[in-house]
Structures are given as structure tokens and as C-alpha cells.
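For reference, the structure discussed in these notes is given below.
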Amino acid sequence: MRRPLPLLLLAIGAIYGAWAIAHGSPYTLRVLSVAGIYALLALGYLMIFGQAGALALSSGTFMGIGAYAAGIAAARYGIGFDLALPLAVGLPVLLAALVAIPVLRLQTHYFALATLIISQIALLVATEWVGLTGGANGIGGIGGLTLAGFPIRAGWQSLALVWSAVAVGGWLAARMTGGLAGAGFAVMRADGATARAIGLDTDALRFAAFLASAAYGGFAGALYVHTIRVVSPDVLGFPVMVTCLTIAVVGGRRRVAGAIGGAVLVTLLPEWFRALRDYYLLAYGAILLAVIVLLPEGITEAAETLLARLLRPAPAPLPPALPVPPIAVTRGPLLEIDALTRSFGGLRALDDVSLRLAPGEVLGLIGPNGSGKTTLLNCVTGLYRPDAGRIRFLGADITRLPTHAIARAGLARTFQTVSLVAEMSALDNVAIAVEAASVGLLRALGGTGPQFTRARGIARTLLEAAGAAEVAQLPAGSLAYGIRRRVEIARALALRPRLLLLDEPAAGLNETEQADLAARLRDLAQGGLALLVIEHNMPFLLPLADRMICLDHGRVIASGSPAEIQSDPLVIEAYLGRGAA
Amino acid sequence: MLLEIENCFVSYGQIAALRGVSLGVPAGGAVALLGANGAGKSTLMRTIIGLLRPRAGRIRFAGTDITALPAASRARLGLGYCPEGRRVFPGLSIRDNLLVACWAGRAERARRLEQMFTLFPALGERPGANAWQLSGGQQQMLAIGRSLMNAPRLLLLDEPSLGLSPRLTEEVLGRIPQIVASGTAVLLAEQNAARALSVCGHGSVLRLGELVLAGPAAELAASPDIRRAFLGG
Amino acid sequence: MHTALRAALLATLAAAPLAAVPCLARAAELDIPVLVPITGFLAVEGASQRNGAVLALRKPPAGITIKSSVIDTGTSPEVAVNALERALSDGAVAAAVAPMLGTQMLALLPVAEENKVPLITISGTAAITQKHNPYIFRFFPGDDVAKAAQVRYAIDHFKIAHPAILYQTTAYGQSGHAEILARLKEAAITPVYEDGLDVAVKDLAPSLAKARAAGADSLLLQLHGGPTALLMKAVAASGWKVAIIAGSGLTQPATTALLEPGELAGACAETSASPESRETPAMAAFVDAYRAAFDATPDGFALAQYDATNMVLAAAAQGARTAADITKALATMQYDGLAMRYRSDGTGNMAHSAVIVCYDGASRVPRVAWHFDKTP
Amino acid sequence: MDLGQIVFNLLALGAAYALVALGFVLILNATGAVNFAQGDLVMAGGFAAVSFASMLDWPGVLLLPLVMAGLALVGVAVALVAYLPLRRRPPESVFISTIAVGIIAQNAATLGFGAQARAAPPLLPGGDGPGQKLAIILVAAALIGALYVMFMHTQTGRRLRATAQDRDIAAAIGIRVDAMVIATFAVAASLAGAAGLLLANLFFVTPVDGANYILKAYIAVTIGGWGSIAGAVTGALLIALFEVLWPALPLLLPGLDAISGAFSQTMSTIALDIVILLLLMLRPQGLFGQAARSRA
């Protein structure tokens, strides 16, 4: 096994669980059951916060809604835990789906605020809709857990049921956060624009993670209400969310083991200090502070680092290289841009830009800083929506297509600043682009091991072709700049594109590296791949480009062969400067 | 020597970035620091200003050992730093970006602000504009202006031409002789070797964290080794 | 950084669960844990509950020793259940002093029933004695008693015809609000204005002005202590001369301490008893003992919990030793406490009397204006 | 209750909230971290005012500098304990460390002062009344104004802002970054202290008040535009608007009586929530937030 920590934790957990069942008082068993319920909540939070990287403040609410659904079903209609589960899980998921439409596109703290506000509304509804929810008092007299009609008694039976659910939930979460999906999440967290540009449907991924968090929350809520046997607005309150966040950060925000370990720790911690009487919460606060200051990346990640230092695990072996599937060659115009216009505030970044690109053609795009070159690239790849104009690719209108769909259609790009995921290996950085279309939580549930292995094989071939084979297993962040450029180009080629957009590919490369890059790009163009290259480096660009276009203030001011462009007075005035003439 | 670096070793975790580099910059002189990307130019710059700590070696500035001083103290001793990638304060106005870097009194601050607007007229056009609204070239000038505001005895310029159009590169590098003439020594890290050597009196070449070549700019520009490595000749 | 320290901390965290929960049972004494909210928004009431219970437990009857510990229940049902389970794990509990928060009581009921342990509480929430749970004993007049006293007094004494109701959107407030509405309906009175206030609501002037504009001749309050004081201040500041008949929140010394005596003038409130009014020598002695012990003035909650705990001790004095004995005794005994005579109505309601206290504007200590007894 | 009085109440409440939000946004700008203990610092300010008042029989206006100075020390302690050790960590770590600080503050207050509500002395001797609220508005406005001038037009303010935007470069131009961060915590905490005194006079203080204030500050700062000072003040006033004006609307516009249910206290909260959601839909970067901070 490459990851000894989960096994170690599993062993500790099993020993402790056996001890608790054999010797623990009902109190111990109950506290551990509650810890298990919070573990399930935290597993859901792991999806949206740890993996998708969105600071959601609604997970507590999903748990509360699940609790109310199960609680009302039990108290009003006598429906037991097991029969009410579909409702308790389905209702939060439904709510999450409804809320996601307006809320999920918001960024960082705006998303956090929106989810917080929704939680506040849910709390108000639960408090005020006395007829349904029992108001602030809540609903009591809810029965204990049942399974297939059999009662599950408090104590070890409940503990076993709850922790079986944690085991299944943890296994599912491990699937959804490992393999292709985990790599997809990592790219998305590092940079959303890059993720979309390599064909990842980040919106779908985020949406699925949000729904998954709601499902886990709802399930935890159903268990909660039949364990505590009362449901009240308390379960919808902000303190539950704070607990959930604390578990995630203290445990380790991206690890399944972190969610579970954090839940156990955060639930038990105040109980351990009970002997301190009036001072126990003070002690809890102090210990919480000490833990976060000493282990800021969370206990599991700290333990992992420690274990890695002790055991020094070997990296996974390289998969056998696989051939890259061929690209169909097409004739006719590849890219047609007509009268493209895009403004930011009052500033026209692109003003009536039109251009054509044929298969195998290399088009150089130059212009002063701020003339709209990158904006043009962003419009073509769907990161920006143009205000007017039309973009056709392979004859199809792609003006309004989402970025990931454009990328999957065969239009790849690189960025001005290399945007690889630093902690992921070069190989996986490329492999994820090979299988970007297969990344999804539902697929992840079925297991993506074979696909990932195949993708790694293809990625190995691509890295070899790009001259970066020897660094395949190193974290991308540790690579020299020039090598990172090569990995990034290999990743773009993993999409098997017909057109490659390069934004200042030679920046930061020395002459030797520039020459090497130019040679590789020329080979690609001869193989039928069209290139659109933004570059300030004229000695690099002039011999490479078949044709050039110069932008200034968002308008095309010159277009023609490299020689024509070089002597164009407008280009000299705006861009090259007198000295270069 | 205004700045003396003796046998400096710097590493990132396990990876050695500088391996025993020694280098000097004379008062009032200009030295071009050449080398491929990853050779250690930026690392050396960051070590001199104090954002990185050497594992071994010493740095002396104007006769004082500054190896253990924090960055803020070094800046106040008379080191000006213009980082790679500009890194202007995006939410501060042009004026505030300049003023914040000056430790002189109010009247002197105002005088230097005017000086910068004379040196870079583009900045004086809209001094209230926020830095993030500026184009790349303007930001580069602002970053240089900022590093000059405390009237440093030595200016560290890290890749000022990165990402600039040929015309802007010319404008920015063209200011360097003026700066040197005003009495500020310059250490210039630059990809564009030919252009860098044309504005500096001396040059030093880094390769894989080691200093491999140093000498007067004219000699280096003519050296076949340099021509092969940097000038495409 | 701190690698050794981190390793040590990790090791401690890993080992700590094994060190949790040692339990040693001792049998030769009466175990009466006190489970009350000492933290959170009900901490004031919880402290009164704790003090009342602790004061009583300090003087057990001859031949009986008391084992007792105070466990914080916070305000969530989960923590309350944990607290009770913990107390039960520590030994043979004879009876438990249980929190006044209704939601927590609802969560504790099934645990008490499973473990056959009587809970003695002062929670006013109606629902807790409607579950036919034989282990619940409530020593504070339920809302059906207290709110009946409040509304009756408002009608008889203040001749209200157009009341406005302001209540808290908490368990306490909603439960009392429903009861007030029911009592008003019996008297064929319709409130002209109602508003539910979150405990965090700061500026009460708009609600007050709307009540006034609606033509209210009186304010019936069901607010916690702090908000009651806030409202009294707002009324005084607005210059509105309106009859105020408040809930027991007003009678807490912590509440009146926030107000000038003048701001209290003319206001009345319901409560179970008003110890600081020193109606009887025994009550005066209780107030003095309480002050000496806790450096605070007791309120109706403290007295009720004191009486409740003493009733358990009285049962023990008569020979009850186990939880079953005490449950039976509480269900059948009659006990004369300081505040009133307690006796179960068959569902666990022990208190059937309430008092109305009124403030004269010169002192923060009210006088008892009326004794109300619910006739069965 | 006429419009003037409502606006008066609104401004008094909004001004106090603005001080809370301002302290929050200062730390946010200086460190990029959310200080979840800001609400508890407000609570601590309230209790500081209560305990100073029990020792010195002074009016609030004289206690104010004492409370602010005392809380500045607390702020320094928070920076040293909960922020500086985590300054190179993801911001969520500081969430939790400041949540822990809040738990400590809340329970220390319960142990030290008991759970019951306390009142801070009025700003001006002579008790309540409109004069009191006017004094609160003036004090808060003066503090906000002074802070704005300090922040935008002094060298210290420039250095604070520069530190907030790029720590390394700030150090490289001579700014002692940690000292600036500690100073920011001190200023932010003393603002919380001022708010605590004002709020504890108007609305009392209890140990559990912190959670409410941090929610208000978080909402105000986010809706105003993450990191914007003007936005924080506007956001705070918006919250006060819905807490004070919305429930009073039927008094101003008698035609609304028919739907008076829509103006209950609960509905005013829901109305604010809906407005916030709509605002976020229309301006996903907040009222004063800038859509782009970079240029192609």
C-alpha cells in the first residue's frame, strides 16, 4: 500500500471501537455515535469545501433539513428511519439543486455569504412554521433507529449502524475524491480557468460536489434525529456549521481520514475536559487553538507528513507508454472569427476583429501590452463572452459554447504564466487532460482506475514527445521553468486539438530552449495542427509564423507575411519602436 | 565595492538554487546579471534584498554585514528592489505606490514624487489611477519608480523587460543609464543579454546556480561563449 | 517546525480516547446530578437552577449523603443528552435536575424512560408533560398556569380590552404566546397587535410604535430577561403610558438590575414565586442563605428548583433510596415548599400556583399583588 | 414615531455596526484572513466598559479611550497568538484559530462577569434620550472619518494598505510587516471595543453576543464588497435599514397596513436576506467590489 495512514487509522479505530463496545458505558457509545454522525456530515463537506474548494456555509443546513424530514416523517406519520431515508437524503439534494442555479456561480466569500443567507432563511422557516416543525421547541417523541423494520437499540447497535454508514460513506467519498475525479478537483482548485481550458466541466463537478455534500448532510441528519430523538431549529443553527468547518480544518480538509478523525476529535474534545467543570469550554478553546497553531494543515496531513518521513514510500511505477490516438485531418477553414467586439467597462478591449486560420497554418499575433491579444484568446476559448461577433470552429458556431466544450471540440491553449498543479506529478497533470471528458462524480463512483492508467500511458508518450519524459514522476511545482513549458504543451496536446493557442510560449526561455520549442512547434504544424501564437519575441516568432496580425487598442492594424509586418509603419509606430526598424 | 556577496549558498528545500556565488557591485556602477531561466538570477536578487536567507555565505552592503538583517532594514539602508513580474500594489494609486516606498520627510517625499514623474512622464498623467488599471509597461515603470523613491544607493532590477513589447522594453531599459548617471548603482537581471550588456558596464553570468563568467560588458558581449549561449550567434 | 512537539501532540491525540471515561460506582449515597445550561443564551436561568439545587443538596436529611456534580447542558439537545448519559454512566442516579429548556427536555424524556430515572425540572414548556412520560416532574407552573394568571390579572386588574403581544421566537416565547392567545380567546379578547422577536433584535421602537398605532391599551410580554429590560427601556423612553404585564423574565433580579426603578413603575409580571419580596420568614431565610452562598439574589427559578430538590430529599428522608422509589414518591407525595404546595396532577405537573408581582417605581423589589391557584 | 426618529435610530444602530464591520475589514485587508473573533471582541469591549465603569464613575465618553486602549492590547494578543503563527498557512486556519479565541473570550466573560446582561454607562451623563443616540452617531462618524483619513492620506495608512496587498514587497520597501499586522489588529480590536461600549449602552451586553455581531459584520463586509471600507460601512447601514426602517414602514405609509404581516421583525430579516441574495445575483462581487483586479 502506498498510503499507510488510512490503514493505521483504521487499525486504531477498530481497536478503539472494540474497546468501546466491550467496556464503554452507554455514554461513551452515544458520544461515539454522535461523532460518527458528524463524520458523515464532514465527509459531505469534504466534497464541496475540501475538494471543490468552495467555502459553503450550508452543510449544517442540509443536515438540519434531513433531520426535519426524517423527524416529521417519524413524529407525524410514524415512518421509521429506514423508510424515511430517501426523503431525508432527497430533500436536501433537491434544495441544493434548486439553490445551485443562482448561487453556485458566485466566487469565494460571495458564495459563502449566499449559502449562509439560505441557511438563515431555513432557520427562520423552521422556527416560524410552527404547524409543521413545532416551532422553536421542535418535535419530540421521535423513535429510535430502525433497520428493515427491526429496532436498533441505543448503545452498541446504534454505534455499529452509524459507523457502518461512516465506513460506506467514507469508501464512497474516497472513490469520489481519488482517481480521475480527485485529479480533476485538484486542477479545478489550482485554477478554474485552466481546468476549463483542458476540457474539465468544472460547473458540473462543483454542482455534483454540492449535491453530494447535501446527500451526506441529509443522511447524517436522519441518523441524528433518530439518535437524539428530537428535532429543533438548533440543528439548523450556525454552531453546527462552525463545528463542521472546525472538523474539516482540524482533521485535514482534503482527506477522508481527516473528516472522520476530525469529527471524532472535535466531538470528544469538550467531553474529555468535563472534569474541569466551569472551565471546560475554556480548555476546549485553548486546546483547539493549540492544535491549529501546531498542526495548521490538520492532524491527518501532519500525520501523513510524519509517516512519509519515517517510511519514505516509493513513487508509483510509471505505466507502460501507450500510443496517442490519431487526430482526423480536415480541410477547409478551421477557425473563422468575424467582427468580434468585447468591452470592459468603457474600454473596448476588442473592436471588430476578424481573422481566418487554415489547418496547419501558424498565425503570429503581436501588439503592444494591453492591445487585446489575450482578450482575443479568452474569447475564442470561451473564458470571456464577446459582446458582438461570431466565432466558428470547424464550421460550427462556438461563440456561446462553454470553455470545456470548446476544448473538447479540439481547441487547446497554454497560458501566459504556466498553470500546472504544483503538487501533482507532471504525468498526472497531462493524464487528467487526456481523460477530462470522463471526470465526474457519478463515473468516479464506478471506479476510474483503468481509465486513469490508460490516460497515464498516453500522457507518458506525450511527455516523451515533448522532451519531458525524465521528469514525469516529479511534482510539477519542482520543475525548472523551461521544462514546465514543455509539460504544459504536452497537456494541451493531450486534448488532441486541431488548433493550439499559445500565449507567449517563449517568455522566460533561453535561446537554446527557444530554438528547441520552435522546432517542436514547426513539427506539429507540419503534422496538420494549426497554431495561433502570441509572442513579443520577434526573433522567435518571425521564422515560425506563416502569417502575422498586429493588434492595437483592440483593432487589427496590420496583417500579412512576417516581412510585411516588420516593415509596416503602423506596426513600427505602435509596437516595434523606431529602433527596430 | 558597494555590494559584496561572498560564497552564498541558497536552497529551496532539497534543491540548491545558488551554489557558492560571489559577486560585487561598485558604487555608481551597473552590473548585468545574465543567465537562463532557472539559473538563479531571481534567487540571487531575493537573497540580496532579504526575502530569502542564505544557508551559508555573507552579504555586505556599504561596509555593513547585512546577512542577518530582515528585508525591511536592508531597504532602509539604501537597497531598492524592483521585483520580477512588477508586483505593484494593485489597489494603491500611482501616487501612493510611490509615496509608500519613501522614508524621507514630507517635503522630500513630494520632491521625489515630482522627480519620478519627470523620469517617467506616463506616470504623472493620472497619478490618482489605481495601479491595477495600468498596462504592463506602465506597471513596470511604476515598479522601477517605486524602487527609486527611497533614493537607494543600489537598485536591484529583476527582469524589467519580461512580457513587454519591443518598444516598451526599449523605453524601460533606456532609462537605466539615466539612473546610473544620477549616482545609483544598478544590478540588472535580464534575459535580453545583448541589450542588458549595452546599458551596463559589467556583466556576470549565472549557470545552474553558479557564477561561470564575469567581466566588463564589452568583453562579454564579444565573448564567443556568451554569444553561443545568449545571443544566438 | 516543532517536529518533536507535533509528534508528541499527535501521540497524545491518538492515545487520549483510551483514557476517556473511567467509571467507578459507589452505592452508599444518593446520586443527584445537576444538568443545567451554564453556557449559552439560557445561562442566567441555568445558574439560578444550579444554585437552587446546590443550596438544597447542601443540607440533606440526616443519614443520607449526597453525591452530585453539575454538568453543563449548553443549549443544544445533543449536549443535554450527552450530559444525562454521562451522569447515568457514573453511577446509580436517584434523580436528575434537568434543564429548563423545553427542547432539551424533549430529548431527555426517552433517555429518562429507558433508564427509569426521574427528571426534576422547572421548564415551562407545555409539551413536556403531554407525552405521558412517568419520569418527568415539573416544579414550575406550566404555561397553562402562568399564562392564565398573567391574562386573568391583566383583564381583572388592568381591564385590558386591546392588548398587544410581544413574544420571543424561542421555545419559551412561542410556547407562552400560544397559551396567552388561548386564554385571551376564552375571554373573547382579540389582540390588536402581535410580533415575534428574535433574541438578537436590537431596536424595539418600531414594534412598540406599531403596537401603539394599532390602539393597544396594554402590552402582554413573553420575552427573556434581557429583551424584557430593553423593551421596558424603550417604553419609558417613548413616554407611552401603557399597562405592561410581563412574563417571568422581568422578575429576575438580573433583569431589574438593568432598569431604573422609575422605568419599572406600574409594570406587573407573572412568576412562580418572588423570593426577594420576602413574603414569609422562611422565604426571607432562603434569600439570606442564597445570598450568603452565591452572592446573588434568587429569583423564582432558583426557588422552584430549590423546592423541587428538597422534595426529592424529603422523599429520601421518608425512605426512598432508588430512582424507582423516588419516582413513585414524587408521583404520589404532597410537599409543602417555600413557594407553594407541590403535588403531581398525574402527568408530572407539580406546581399549580403562580403569583403576579408589581413594581411601584421606587424599588427594584416587587410586591406580590396576587396569588393564583389553578383549580383542577 | 416619525421618519426623523426612525432615521435617527437607524443611524445610531448602523454606526455601531459599521464600527464592527470596519474592524473586520481592516484585518481582512491586512492579512487576507477572516477574524471570527471580531464579534467576541465587541462583546469584550462591552464588558470592558462595564468593568471600567464599576471602578471609575465616569461617563462613557471618557471611558471610550480607556476601553479602546484596553481592547487594542487584546488585539495585539490575538495577533500574536492566533494570527502570526499561521501567517503562511491557508486562510481557513485563521478561521479556526480565531473561532477558538472567540470560544475562549466568551467563556472567560461568563466566568468573570456571569451570564446576565449588563449595561455600559451612557456616553454623556444624563441617561437616555435622543441626545444619547446623536452622541453615538457623532462618535462613530468621527472614528470612521479619522480612520479613513489615516488609511488613505497618511504614510502609516499607505504602509498598512501596502502590507495588506503584498507582504513580501512591502518588506522589500522597508515596511516592518509583522509590526504593521499587529498594529492593524490593535486598531481593529479598539474599533470593536468602541462598538462594544456603544452597543452595550444601547442594547446591553452578554457573553454570547459575539456570534450575532460577527454574522452582521460578515454580511456587511461581503455585501459591501470583500475588502472595501466604504462597502463595509454601506453594508452595515443596509443591515440597520432593514432592522429599523422595514418594520416601521407601515407607520410611515399607512397604506401598507393591509399587509402589515410583511413588516414583522421576522419578515424584516427575511426581506434583508432576499435583498442580499438578489444583490449577489446582480453584483456577484458585492456593492463596492471591483470585478477585475488584473488586466490582460
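The values are calculated or read from the model by the stated rules, or taken from the named source; none is laboratory data. Predicted model only: the values in this text are computed from it and were never measured. Note that we place each Cβ from the backbone using ideal geometry, even for glycine, and neighbour counts take in every protein chain shown. To get the accessible areas, we keep the full protein, side chains included, count just its heavy atoms, and leave off ligands, DNA and RNA. Shrake-Rupley method; radii C 1.70, N 1.55, O 1.52, S 1.80 Å.
Normalised by residue number, the volume inside the convex hull of the Cα atoms of the stretch D:3-209 is 116 Å³ per residue.
Between C:Lys241 and D:Ala69, take the C-beta separation as r, use R0 = 41 Å, and let me know the FRET efficiency to the nearest 0.05. Could the numbers behind the result be given before it?
On the way: r = 43 Å, r/R0 = 1.06.
That gives a FRET efficiency of 0.40.
If you build a Gaussian network model of chain B, linking Cα atoms that sit under 10 Å apart, which residue out of B:Thr169, B:Thr64, B:Thr184 swings the most? Of the options given, B:Thr64 has the highest mean-square fluctuation. Considering the stretch C:313-376 at the alpha-carbon level, its Rg and Dmax are found to be 16.1, 50 Å. Mean Kyte-Doolittle of at least 1.0 plus a Cα span of 15 Å or more along the axis: flag which DSSP H helices in chain C meet both, please. For chain C, where a helix must reach 15 Å along its axis and average at least 1.0, the hits are C:3-19. To the nearest 10, the accessible area of A:Leu495 is 30 Å² with a 1.4 Å probe. Spread over its residues, the convex hull of the C-alpha atoms of the protein assembly as shown is 183 Å³ per residue.
Rounded to the nearest 10 degrees, the angle from helix A:59-77 to the longest Cα principal axis of chain A is 40 degrees.
If one takes the accessible area of chain D alone plus chain C alone and subtracts that of the pair, with a 1.4 Å probe, what total in Å², rounded to the nearest 100, results?
Working: alone 14110 and 16150 Å², together 28110 Å².
Summing both sides, the interface buries roughly 2200 Å².
May I ask for the accessible area buried between chains B and D, both sides summed, probe 1.4 Å, to the nearest 100 Å²? Don't jump to the answer; show the numbers that get you there.
On the way: alone 10510 and 14110 Å², together 22290 Å².
Summing both sides, the interface buries roughly 2300 Å².
The separation of the stretch A:388-409 from the stretch A:266-303, counted between C-alpha centres, amounts to 53 Å. In this structure, the amide hydrogen of B:Ile66, modeled 1.01 Å from its nitrogen in the peptide plane, lies closer than 5 angstrom to those of B:Ile59, B:Arg60, B:Phe61, counting only residues at least 5 positions away or on a different chain. Accessible surface area normalised per residue over the protein assembly as shown is 36 Å², counting heavy atoms of protein chains with a 1.4 Å rolling probe.
Relative to the longest principal axis of the Cα atoms of chain A, helix A:449-466 runs at roughly 30 degrees. Once A binds C, the 1.4 Å probe can no longer reach about 3900 Å² of accessible area, counting both sides. Put simply, the amide H of A:Arg547, placed in the peptide plane, has neighbours under 5 Å in A:Val362, A:Gly364, leaving out anything fewer than 5 places away on its chain. Give, as ranges by residue number, the residues of the stretch D:246-273 whose backbone N falls under 18 Å from the point 7 Å along Cα→Cβ of D:Arg283. Backbone N within reach: D:272-273.
The charge dipole of chain C, taken about the Cα centre with unit charges on the Cβ atoms of Lys, Arg (+1) and Asp, Glu (-1), comes to about 200 debye, rounded to the nearest 20. Using just its DSSP H runs of length 4 or more, each adding -39500 (n - 2.57), chain A gives a mean residue ellipticity at 222 nm of -18000 deg cm²/dmol after division by all residues. Legend: residues in the stretch C:42-56 shielded by at least 30 square angstrom of accessible surface upon adding the remaining protein chains to the isolated chain (1.4 Å probe, heavy atoms) are C:Val44.
For chain D, what does -39500 (n - 2.57) per DSSP helix run (n ≥ 4), summed and divided by total residues, give at 222 nm, in deg cm²/dmol to the nearest 500? Walk me through the intermediate numbers first.
On the way: 12 runs with 209 residues, N = 296.
Value at 222 nm, helices only: -24000 deg cm²/dmol.
In plain terms, the C-alpha convex hull of chain A casts an average shadow of 30.7 nm² when viewed from every direction.
Checking a compactness column here: for chain C, what do you get for Rg(Cα) / (2.2 N^0.38 Å), N being the number of residues?
Numbers: Rg = 21.9 Å, N = 376, 2.2 N^0.38 = 20.9 Å.
After normalising by residue count via 2.2 N^0.38 Å, the value is 1.05.
Seen against the Cα atoms of chain A and their longest principal axis, helix A:299-311 is set at about 70 degrees. For C:Ile160, the residues 5 or more places off, or on other chains, whose built amide H falls under 5 Å of its own are C:Ile155. Mean-square fluctuations from a GNM of chain B, with a 10 angstrom spring cutoff on Cα atoms, peak among B:Val25, B:Val212, B:Val172 at B:Val212.
Karplus-derived 3J(HN,Hα) values for the stretch A:351-364, using 6.51 cos²θ - 1.76 cosθ + 1.60 with θ = phi - 60°, are 9, 6, 8, 10, 7, 10, 9, 9, x, x, 8, 10, 10, x Hz; glycine and proline are entered as x. In vacuo Debye scattering of the stretch B:14-56, one point per C-alpha: log10 I(q)/I(0) at q = 0.19 Å⁻¹? Here log10 of I(q) over I(0) equals -0.65. Rounded to the nearest 20, the Cβ-based charge dipole of chain A about its Cα centre (Lys and Arg +1, Asp and Glu -1) stands at 1220 debye. Once you reduce the stretch A:438-469 and the stretch B:1-40 to the center of their Cα atoms, the two points are 41 Å from each other.
In order along the stretch D:232-238, phi translates into HN-Hα couplings of 4, 5, 4, x, 5, 5, 4 Hz, rounded to whole numbers, per the Karplus curve 6.51 cos²θ - 1.76 cosθ + 1.60 with θ = phi - 60° and x for Gly and Pro.
The relative contact order of the stretch C:125-181, computed from alpha carbon pairs under 8 Å that lie at least 6 residues apart in sequence, is 42 percent.
Pulled fully out, how much extra length does the chain show between A:Asp203 and A:Thr512, if you take 0.36 nm times their separation in residues and subtract their Cα-Cα distance?
On the way: separation 309, 0.36 × 309 = 111.24 nm, distance 4.05 nm.
Computed gain between A:Asp203 and A:Thr512 is 107.2 nm.
Between the stretch D:219-296 and the stretch C:311-325, the alpha-carbon centres lie 59 Å apart.
In this rough spin-label picture, where each label sits 7 Å from Cα along the Cβ direction, the C:Glu29-C:Asp217 distance is 5.9 nm.
Taking a straight Cα-Cα cut-off under 20 Å and skipping sequence neighbours fewer than 8 places away in the same chain, the aspartates and glutamates within cross-link reach of C:Lys116 are C:Glu29, C:Asp31, C:Glu78, C:Glu85, C:Asp90, C:Asp325, C:Asp345.
Every Cα-Cα pair of the stretch A:423-492 was included, and the share exceeding 22 Å stands at 21 percent. For the protein assembly as shown, the Cβ-based charge dipole about the Cα centre amounts to some 2600 debye (Lys, Arg positive; Asp, Glu negative; other atoms uncharged).
Per atom type, chain A shows carbon and sulfur on 62% of its accessible surface, probed at 1.4 Å.
Backbone phi angles across the stretch B:126-133, fed through the Karplus curve with coefficients 6.51, -1.76 and 1.60 (θ = phi - 60°), yield HN-Hα couplings of 9, x, x, 5, 6, 4, 5, 7 Hz in residue order; Gly and Pro are listed as x.
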